[in-house]
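The values are calculated or read from the model by the stated rules, or taken from the named source; none is laboratory data. Values in this document were obtained by computation on a predicted structure and should not be read as measured data. So basically every Cβ, Gly included, is an ideal-geometry build from the backbone, and we count neighbours across all protein chains shown.
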Amino acid sequence: MNRRWLFLMSLLVVVVLSACSQKSEEDVKERVKIGVMLSDAGLGDQSFSDLAFEGLEKARDELDITFDYRELEFTGTYKQGLEELAAEGQDLIIGIGFTVQEDMETVAAAHPDQQFILIDAVSELPNVHNITFKEDEGSYLLGALAAMKTDSNKVGFIGGVENEVIERFKTGFIAGAKQINPDIEVLSEFAGDFGNDQLGASIARDMIKQGADYIYPAAGFTGVGSILAAQEAGVHAFGVDSDQFFLAEDTIVSSMLKQVDTAVYEAIEEIAETGTLSEKDKVLGIKENGVSLAPIRVVNLTAQEQKKIEQLQQELADGQVTIK
């Protein structure tokens, strides 16, 4: 009797463990799968790609999703990386940066039932959803701040590559500076590269020699080099995309925050909750909390200057400012 009882109990344990195992396997299968194709600078740019990856990691930790990603350095082409992610059957594939657009559209057209998100560019394909930012609004505030605090009346802008997105950074920065001081001189140059810190440093040093005492790079890892060059020369700089104060704590006055991490997280959250994306085109500015300024450090603003920055920010949010 005891043996029979022990046998039945053992059999029950096996059945329960088997059921738990099957349930666990089902749970794993049901977890939302996200694929990400990173921008050309890849991880370690201390800016755009790293920020997007933070949103991805937050989604993994808080939403219990799984993810896979590809970097151009290892795939050779965006197309190869995107095709690999599509073959894995991801619930959503995210392309980080405007340079991904052409290859994403090729892969998306071949996989019409696959959902894609393109960040920083706009595609007309029905299965590609777009997220863009009003970089000119945040840059406008930095331009105004630079014009308030410059001693030389000359500041510099360094872009990664010449493109609509980076042009918005430049246009906003110049417009903000000239709103405060129409006579200010804004030096500008495009590096043609997002991943060359030495080139960024060289461009910044040249601008500093010409008298620029504030440097604003929108150039990924190239921009990191320009910030460090500004630190060496004892002039001020601005960060971009994320709060880059940690790079040069005596130099970074503020950063233009581009909430790519939040945009990535919220897109994944919507997919996890509903299985689809509700908006074809999402445009995020100051009003939508898509761009903002990091805390202002290193320099002290007068009460009047602080009030002016707040006024400009509100005017941008209310749509009262046209940036040209």
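Some observations on this one:
- Test for GLU270: is it modelled with pLDDT of 95 or more, over 18 Å from PHE169 (Cβ atoms), in the same structural domain as HIS129 (by TED's automatic domain parsing) and not in a strand (DSSP E or B): yes
- Residue in segment 164-188 that is surrounded by the fewest Cβ atoms within 10 Å (Cβ to Cβ), counting only those that are touching a residue at least 60 places away in the same chain (Cβ under 8 Å) and in contact with a Phe, Trp or Tyr (Cβ under 6 Å, 6 or more places away or on another chain): ALA175
- Of residues in segment 275-313 being under 23 Å from the mean Cα position of the chain (by Cα) and under 16 Å from GLN179 (Cβ atoms), the one surrounded by the most Cβ atoms within 10 Å (Cβ to Cβ): ILE286
- Looking only at segment 191-210, and only at residues there that are of a type in the set (Gly, Ala, Ser), within 20 Å of GLU167 (Cα to Cα) and without any contact (Cβ under 8 Å) to a residue 40 or more places away in the chain, the one that is surrounded by the most Cβ atoms within 10 Å (Cβ to Cβ): ALA191
- ILE119 passes every criterion in (1) crowded, with 19+ Cβ neighbours inside 10 Å; (2) under 18 Å from the mean Cα position of the chain (by Cα); (3) free of Cβ contacts under 8 Å to residues at least 40 places away in the same chain apart from (3).
- Within segment 122-143, considering residues that are small (Gly, Ala, Ser) and surrounded by 24 or more Cβ atoms within 10 Å (Cβ to Cβ), the one nearest to LYS33 (Cα to Cα): GLY138
- Apart from one condition, SER24 fits all of (1) modelled with pLDDT under 90; (2) hydroxyl-bearing (Ser, Thr, Tyr); (3) within 30 Å of ALA219 (Cα to Cα); the exception is (3).
- No other residue among ASN127, ASN181 is assigned by TED's automatic domain parsing to the domain that holds LEU277 and not small (Gly, Ala, Ser) apart from ASN127.
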